[in-house]
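These notes are about the structure you will find just below.
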Amino acid sequence: MGVKLGILGLGTVGTGTVQLLQDKGFRHPLLQEVEIYRVGVRSLDKPRAVTLPESVLTTDLEAIVIDPAVDIVVEVMGGLEPARSLILKAIQNGKHVVTANKAVISRFGDEIFTAANQAGVYVMLEAAVGGGIPVIQPLKQSLSVNRIHTVTGIINGTTNYILTRMQTEGSNFSDVLADAQRLGYAEADPTADVDGLDAADKIAILASLAFGGRIKLKDVYSEGIRQVSKTDIAYAEKLGFVIKLLAIAQSAAPLAAIANRTTPSSPLISVRVHPTLVPKAHPLASINGVNNAILVEGEPIGQVMFFGPGAGAGATASAVSSDILNLVAALKKSKTALNQLLACAHQDYCQIVPMAELVTRFYARFLTKDQPGVIGKLGTCFGNHGVSLESVVQTGFQGELAEIVVVTHDVQEGDFRQALTEIQTLTAVDSIPSLLRVL
Ligand SMILES: NC(=O)c1ccc[n+]([C@@H]2O[C@H](COP(=O)([O-])OP(=O)(O)OC[C@H]3O[C@@H](n4cnc5c(N)ncnc54)[C@H](OP(=O)(O)O)[C@@H]3O)[C@@H](O)[C@H]2O)c1
């Protein structure tokens, strides 16, 4: 028997998730267990990018969350209500929940997790922070034995896109915002992004996981990027900084010690979102455009950085589906001896492409006798084997020998090697001291 999903919403994330779940080839075998049982939408008449049986689509979302056949409710509809009420009703009806909704979790996480604990179900939210970047599960599991000092994130793609363009083009905030809206990188109402509210939702969630305590959203200080001017960016640049909208959750234990405060019974932390001058050598300084990154610092791990696409249908679907898979594994665990995500499920060998069939670019350095026409001879040998050259540079001399460097276009390694074998027979060629692959 498959695990039945009731999906609430078939917009960007819902469609991406259905597409991923329908295309199961060469993904985790547990996906075979997943059945898209119901999908709730607002309008049945809207054209959809995915094909689903007529019986699957419905506008009755309430019926989905109380349907006894549904095992997992996937909330990808967004907004506060009715999303919050539907999540709570799903929990009351014993469903596990997967959600991408940072706004609901950051505001109503208290109520939702209390209800989930009482009902004995899981609420999974990998997609709520950092889109496709796995950061929730690492904080909950892989890094959970660490004492976390700081979580620092660039977790709003729109503002990072705007700041990156202001930096590279020397443009004003309002001009770049208008262009970002025209290109679809910023919403018509950009408030949640540019005033730091979206990042505040997300850092509240990360802080809660990293420091093991609940966070009231109103306690998260949030300052957006409207006041950042191109003059500030230019000065920052001169001083060796870039300006980024950082979301920071930081242990304040050292501050408490300085202030002679007694050790608090619950973690004492600072949680904030604000534009920040970041030294150019800092790992977050090179995170540009709509990308997101989260730097976690703790003991004993040191620094770990998660980087990737913070939004988008496919990326977010990856996060939503990984939560679904985790729940499927947990549901199956009661019936089989091992959790199939933790156990090694592979039995067959992969087929490995021989190096001779690899397609890559090459860098090669030749030492040749200083004779006329050597470069032409090299070119002929390469041409004989279908190797085309991106650049040829005669760099100088090493003693009596001329040094020639070539970079090829993409070529099959086998063809390139044959060309080299032919080149080595040329009397003008002394040696080939370097051979490197180019990314
Ligand atoms: N987009 C991203 O890249 C991204 C990344 C990370 C997290 N998220 C989060 O994922 C969630 C979904 O975002 P999205 O971009 O996929 O939103 P979206 O494109 O606006 O899609 C929303 C979907 O929910 C349905 N829906 C909304 N309200 C409804 C209601 N009251 N009754 C029935 N159906 C309703 C809509 O139905 P119709 O299609 O019939 O209108 C639509 O299919 C949000 O919480 C968002 O913050 C999004």
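So the values come out like this:
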read-out	value
Test for residue 72: is it assigned by TED's automatic domain parsing to the domain that holds residue 122, within 12 Å of the ligand (Cβ to nearest atom) and in contact with a strand residue (DSSP E or B) (Cβ under 6 Å, 6 or more places away or on another chain)	no
Verdict on residue 24 being within 13 Å of the ligand (Cβ to nearest atom) and in a loop (DSSP other than H, G, I, E, B)	no
Qualifying residue in segment 17-29 (condition: surrounded by 15 or more Cβ atoms within 10 Å (Cβ to Cβ), among the hydroxyl-bearing types (Ser, Thr, Tyr) and farther than 21 Å from residue 66 by Cα)	yes
Pick from segment 37-47, criterion near the ligand (Cβ under 9 Å from one of its atoms) and part of a loop (DSSP other than H, G, I, E, B), ranking: farthest from residue 10 (Cα to Cα)	45
Residue under evaluation residue 128, criteria (1) among the small types (Gly, Ala, Ser); (2) in the same structural domain as residue 86 (by TED's automatic domain parsing); (3) over 28 Å from residue 313 (Cβ atoms), criterion not met	(3)
Single residue of segment 48-79 satisfying the filter (of a type in the set (Asp, Glu) and outside any loop (DSSP other than H, G, I, E, B)) that is nearest to residue 122 (Cα to Cα)	75
Pairs, first closer than 18 Å to residue 11 by Cβ in segment 64-84, second of a type in the set (Phe, Trp, Tyr) and crowded, with 19+ Cβ neighbours inside 10 Å, C-beta under 9 Å, six or more apart	64/37; 80/108; 84/108
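Rundown of residues vs (1) under 30 Å from residue 123 (Cβ atoms); (2) out of contact with any Asp or Glu (no Cβ under 9 Å at 6 or more places or on another chain); (3) more than 16 Å from the ligand (Cβ to nearest atom); (4) not in a loop (DSSP other than H, G, I, E, B), yes/no style:
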residue	(1), (2), (3), (4)
297	yes, yes, yes, yes
328	yes, no, yes, yes
347	no, yes, yes, no
350	no, yes, yes, no
356	no, no, yes, yes
365	no, no, yes, yes
375	no, yes, yes, yes
383	no, yes, yes, yes
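The values are calculated or read from the model by the stated rules, or taken from the named source; none is laboratory data. Predicted model only: the values in this text are computed from it and were never measured. So basically every Cβ, Gly included, is an ideal-geometry build from the backbone, and we count neighbours across all protein chains shown.
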